[in-house]
Amino acid sequence: YARALWGIANGDILTSAMNVHIFSLHGHFLMPILAPLTKVFPAAQVLLIAQSAALSITLVLVARFFQFASRERGGSVTQAILLGLWGATLTVVLSPLVLNPFFFDPRPDFLAFPFVVAGFLRVVRRGGFDGGALALLVLGALGREEFALIIASAYFLFGSPGSWPRRKRWLTAAAFATYFVAYFFGLSTWLGGSALIDENTEQLLGAHDAPL
């Protein structure tokens, strides 16, 4: 991913490891935001710093939400602080979705986390979906295409008296789902992602069938 980030900054759109387009395997469309920083710092360092910042922001967002919920229910300041720390640790640091991208290698997926978390927390605080939440969730979906499916499911399944009408929510869910389909079966295939997946699958099957 550091090589891909460097490539975006220098106009080299093919990854040297796989010789495919940078955006052929995943829709990391927030990654170009970091590209100008590679003119000052090494690409790997930029990814690590941005990843740390994204994790920190996500932790703060969740901790503040737990603290707000505690104070709203009459908890003391100490209880709110402790609940915020406990909630952030339990739901963020120990989440498998976070452990994989954040603690094993630097990757562009992390840029989506603060936007998605902020969007969903806004929905909970306001009692429904609104334009602000939609803007945050759109940015989150641009971080990686699979997030669009999570967001689409939320719009389709969850409603409240203060939220958008069901028709509007379902149309928004359809838009996010369409984005995923358009990328996975359209743009990714056109850029060569499916061919690489087929090649890797054949290699894995060949290695599995080879005699020991």
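The values are calculated or read from the model by the stated rules, or taken from the named source; none is laboratory data. It should be emphasised that the depicted structure is a prediction, and the values quoted were computed from it without experimental measurement. Cβ atoms come from the backbone with ideal geometry, glycine included; neighbour counts cover every protein chain shown. All accessible areas refer to the heavy atoms of the entire protein, side chains included, with ligands and DNA or RNA removed. Shrake-Rupley method; radii C 1.70, N 1.55, O 1.52, S 1.80 Å.
Residue check: is Ala63 farther than 23 Å from Phe113 by Cβ and either in contact with a Pro (Cβ under 6 Å, 6 or more places away or on another chain) or open to solvent by less than 20 Å² (accessible area, probe 1.4 Å) (or both)?
So Ala63 does not fit the description; no.
What number of residues within segment 1-36 satisfy the criterion of being open to solvent by 60 Å² or more (accessible area, probe 1.4 Å) and part of a strand (DSSP E or B)?
Total meeting the criteria: 1.
Show the residue pairs that are 6+ apart or on different chains and have beta-carbon atoms under 6 Å apart, the first residue being within segment 37-59 and under 15 Å from Leu111 (Cα atoms) and open to solvent by 50 Å² or more (accessible area, probe 1.4 Å), the second being not in a helix (DSSP H, G or I) and not hydroxyl-bearing (Ser, Thr, Tyr).
Between residues of segment 37-59 that are under 15 Å from Leu111 (Cα atoms) and open to solvent by 50 Å² or more (accessible area, probe 1.4 Å) and residues that are not in a helix (DSSP H, G or I) and not hydroxyl-bearing (Ser, Thr, Tyr), the close pairs are Leu48/Pro106.
Does Ala112 satisfy the condition of being open to solvent by less than 60 Å² (accessible area, probe 1.4 Å), closer than 16 Å to Leu30 by Cα, at pLDDT below 95 and in contact with a Lys or Arg (Cβ under 7 Å, 6 or more places away or on another chain)? Full working, then the answer.
Values: open to solvent by less than 60 Å² (accessible area, probe 1.4 Å): yes; closer than 16 Å to Leu30 by Cα: yes; at pLDDT below 95: yes; in contact with a Lys or Arg (Cβ under 7 Å, 6 or more places away or on another chain): yes.
In short, yes.
Of the conditions (1) at pLDDT 75 or above; (2) assigned to a helix (DSSP H, G or I); (3) closer than 30 Å to Ile13 by Cα, Phe41 fails just one. Which one is it?
Only one criterion in (1) at pLDDT 75 or above; (2) assigned to a helix (DSSP H, G or I); (3) closer than 30 Å to Ile13 by Cα is unmet by Phe41, namely (2).
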